[in-house]
Amino acid sequence: MDARITPGTVHGRVQAPPSKSYTHRAILAAGYSDGALVRSPLVSADTRATARAVEAFGGDVDYEDDRDAFVVDGFGGEPAVPADVIDCANSGTTTRLVAGAAALADGGSVLTGDTSLRSRPQGPLLDALSQLGARAESTRGNGQAPLVIFGPVEGGTVSIPGDVSSQYVTSLLMAGAATAEGIEISLTTALKSAPYVDITLDVLESFGVTAEPLDSETADGADGFHVAGGQNYEPTDGEYAVPGDFSSMSYLLAAGAVAAAPDEEVVVRGAAESAQGDAAIVSILERMGADVEWRHSEATIVVGRSDLSGVTVDVGDTPDLLPTIAALGAVADGETRIENCEHVRYKETDRVSAMAEELEAMGARVTEKPDVLTIHGSESDLNGAVVDGRGDHRLVMALSVAALVADGKTTVRGAEHVDVSFPGFFDALFDLGVSVDLEEE
């Protein structure tokens, strides 16, 4: 599907979607339990993949519209051997998080997905599971899905790099609580995307599970992690409520910062505080000179249009913000330098190269290095163009923000992929006053 976007101004109030990261973890945590209600979840292609995996391990997951909740009948910490291959579709998070559950089953599980998912690295997690006694292999021997995992593991100690994906750590922590012995994780390299492990620790605590970083108060700077075995997943009153998603919110805030109508504002609701590292988008906008205010007591963020200036941003802990920051940089004066971003190349697509190439197609001047993306805003004049979202929801949304201030209409291909994390994205833009035509290719 194509999204044809006419440049223009925005204003009004809009609701942020629920957090994808929290929803994934909450559905799986509910799966590890005897049963739980996951309230206000993100219902998307990715989170439904995690729900399917819970069902494959013997649980049952139903979404009830009237209660806005996933009703989960869990497998009680003892995943069954799946009767069929688990199709994780495009969800790398699902693949990695449920690999740990697969290692608990007394038999073999096969995890696979679409072409993009089958290109993403899983080798370090397979190695970690093997250290714990599982048979964990890539069918093609390249560390990529399809994955075959035979359990059961009882727990133990494991060493794993921290600079490829924090989701490996999350998978081990969530499974470790259900093992007999628990799991102690030693990091061989510094942890990137540490706030995502803090999200995991937050969800585990809400489900009554104790896990802790070693030699640090939080995941950032930790040498490793420990989770005791034999724990039960039991949320308070049998329920868990998902907070709003700052990764998705970033596109709405960016739209307000670059395109709010004169004397008007964009108000984003659902901005409750949580462990999400991507809340850093607020401080990044402030540094760029945006007129932005986070009203914590109201769980809202208000942003108006401002003249933006380029800044340097380290995305080691906030990889999902790179597309948003790149789009902002194409509008800002001066240079926007996005550092520590090599791990962002291993997402749904190589987001570093993809954003560089698509922004260049719109008239931006960009310099790309392996670990740095620089957008030369003062030398960029954005023009309407045909750009390709490359099957990546975050590219589609970031390019749509850039389209708001381009000279002429922009066509963003692959618009349907917003269903992965923000199914109502184009509805939200429309509510803010954007002229968007969605057309089948």
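The values are calculated or read from the model by the stated rules, or taken from the named source; none is laboratory data. Given the structure is predicted, the values throughout are model-derived calculations rather than measurements. No Cβ is skipped: glycine too gets one built from the backbone with ideal geometry, and neighbour counts run over all protein chains shown.
Restricting Asp84, Asp66 to those that are surrounded by fewer than 16 Cβ atoms within 10 Å (Cβ to Cβ) and assigned to a helix (DSSP H, G or I) reduces the list to Asp66.
When restricted to residues that are not in a loop (DSSP other than H, G, I, E, B) and not acidic (Asp, Glu), segment 411-439 contains 15.
Quick one: which residue in Val282, Val302, Val311 is in the same structural domain as Arg390 (by TED's automatic domain parsing) and more than 14 Å from Tyr251 (Cα to Cα)? Don't jump to the end; show me each part of the working.
Numbers: Val282 fails: more than 14 Å from Tyr251 (Cα to Cα); Val302 fails: more than 14 Å from Tyr251 (Cα to Cα).
Every option except Val311 fails the conditions.
For the residues Ser166, Ser206, the requirement of being in contact (Cβ under 8 Å) with a residue 12 or more places away in the chain, surrounded by fewer than 21 Cβ atoms within 10 Å (Cβ to Cβ) and in contact with a Phe, Trp or Tyr (Cβ under 8 Å, 6 or more places away or on another chain) singles out Ser206.
Summed over segment 305-344, residues that are acidic (Asp, Glu) and assigned to a helix (DSSP H, G or I) total 2. If the condition is being buried (at least 24 other Cβ atoms within 10 Å of the Cβ), over 17 Å from the mean Cα position of the chain (by Cα) and free of Cβ contacts under 8 Å to residues at least 60 places away in the same chain, then segment 1-53 contributes only Ala53. When segment 198-219 is filtered for residues that are aliphatic (A, V, I, L, M) and closer than 18 Å to Tyr233 by Cβ, the ones remaining, listed by number, are Ile199, Leu201, Val203, Leu204, Val209, Ala211. Using the structure shown, decide if Thr367 is among the β-branched types (Val, Ile, Thr), without any contact (Cβ under 8 Å) to a residue 60 or more places away in the chain, touching a strand residue (DSSP E or B) at 6+ places or on another chain (Cβ under 7 Å) and surrounded by fewer than 24 Cβ atoms within 10 Å (Cβ to Cβ). It is true that Thr367 is among the β-branched types (Val, Ile, Thr), without any contact (Cβ under 8 Å) to a residue 60 or more places away in the chain, touching a strand residue (DSSP E or B) at 6+ places or on another chain (Cβ under 7 Å) and surrounded by fewer than 24 Cβ atoms within 10 Å (Cβ to Cβ). Annotation: of all residues in segment 374-391 being touching a Gly at 6+ places or on another chain (Cβ under 8 Å) and among the charged types (D, E, K, R), the one that is nearest to Val352 (Cα to Cα) is Arg390. Considering every residue within segment 247-268, establish whether at least one is over 24 Å from the mean Cα position of the chain (by Cα), part of a helix (DSSP H, G or I) and assigned by TED's automatic domain parsing to the domain that holds Ile375. Checking segment 247-268: at least one residue is over 24 Å from the mean Cα position of the chain (by Cα), part of a helix (DSSP H, G or I) and assigned by TED's automatic domain parsing to the domain that holds Ile375.
When Ala385, Ala402, Ala364, Ala406 are checked against the criterion of being of a type in the set (A, V, I, L, M) and within 20 Å of Asp320 (Cα to Cα), a single residue qualifies: Ala402.
Looking only at segment 136-150, decide whether some residue is closer than 17 Å to Met174 by Cα and either assigned by TED's automatic domain parsing to the domain that holds Thr47 or within 25 Å of the chain's Cα centre (by Cα) (or both).
So the first thing to find is which residues in segment 136-150 are closer than 17 Å to Met174 by Cα, and the list is 149.
With the extra rule that they be either assigned by TED's automatic domain parsing to the domain that holds Thr47 or within 25 Å of the chain's Cα centre (by Cα) (or both), the set shrinks to 149.
Taking every residue of segment 136-150 in turn, at least one turns out to be closer than 17 Å to Met174 by Cα and either assigned by TED's automatic domain parsing to the domain that holds Thr47 or within 25 Å of the chain's Cα centre (by Cα) (or both).
Just to verify a result, which residue in segment 269-303, among those that are among the hydrophobic types (A, V, I, L, M, F, W, C) and in a helix (DSSP H, G or I), is surrounded by the most Cβ atoms within 10 Å (Cβ to Cβ)? Full working, then the answer.
From segment 269-303, those among the hydrophobic types (A, V, I, L, M, F, W, C) are 271-272, 275, 279-282, 284-285, 288, 290, 292, 294, 299, 301-303; that's our starting set.
When the remaining residues are screened for being in a helix (DSSP H, G or I), the result is 279-282, 284-285.
On the way: Ala279: 21, Ala280: 19, Ile281: 29, Val282: 20, Ile284: 23, Leu285: 26.
Top of the filtered list is Ile281.
Being more than 28 Å from Leu201 (Cα to Cα), among the aliphatic types (A, V, I, L, M) and touching a Pro at 6+ places or on another chain (Cβ under 8 Å) holds for only one residue in Met355, Met362, Met288, and it is Met355. Does Ile185 meet the test of being modelled with pLDDT of 95 or more, crowded, with 19+ Cβ neighbours inside 10 Å and over 17 Å from Leu104 (Cβ atoms)? No: the conditions fail for Ile185. Considered as a group, the residues in segment 342-362 that are closer than 18 Å to Val331 by Cα and in contact (Cβ under 8 Å) with a residue 40 or more places away in the chain include one that is surrounded by the most Cβ atoms within 10 Å (Cβ to Cβ), and that residue is Met355. Of note, Asp198 satisfies the criterion of being of a type in the set (Asp, Glu), in the same structural domain as Arg67 (by TED's automatic domain parsing) and within 23 Å of the chain's Cα centre (by Cα). Is it true that some residue in segment 349-357 is under 18 Å from Leu321 (Cα atoms), modelled with pLDDT of 95 or more and more than 21 Å from the chain's Cα centre (by Cα)? Yes, the conditions are met somewhere in segment 349-357.
Taking first residues from segment 90-108 that are free of Cβ contacts under 8 Å to residues at least 60 places away in the same chain and partners that are assigned to a helix (DSSP H, G or I), the Cβ contacts under 7 Å between residues at least 6 apart in sequence or on separate chains come to Thr95/Leu117. Go through (1) within 25 Å of Gln144 (Cβ to Cβ); (2) part of a helix (DSSP H, G or I) for Glu368 and report which single condition fails. Here Glu368 clears every test but (2).
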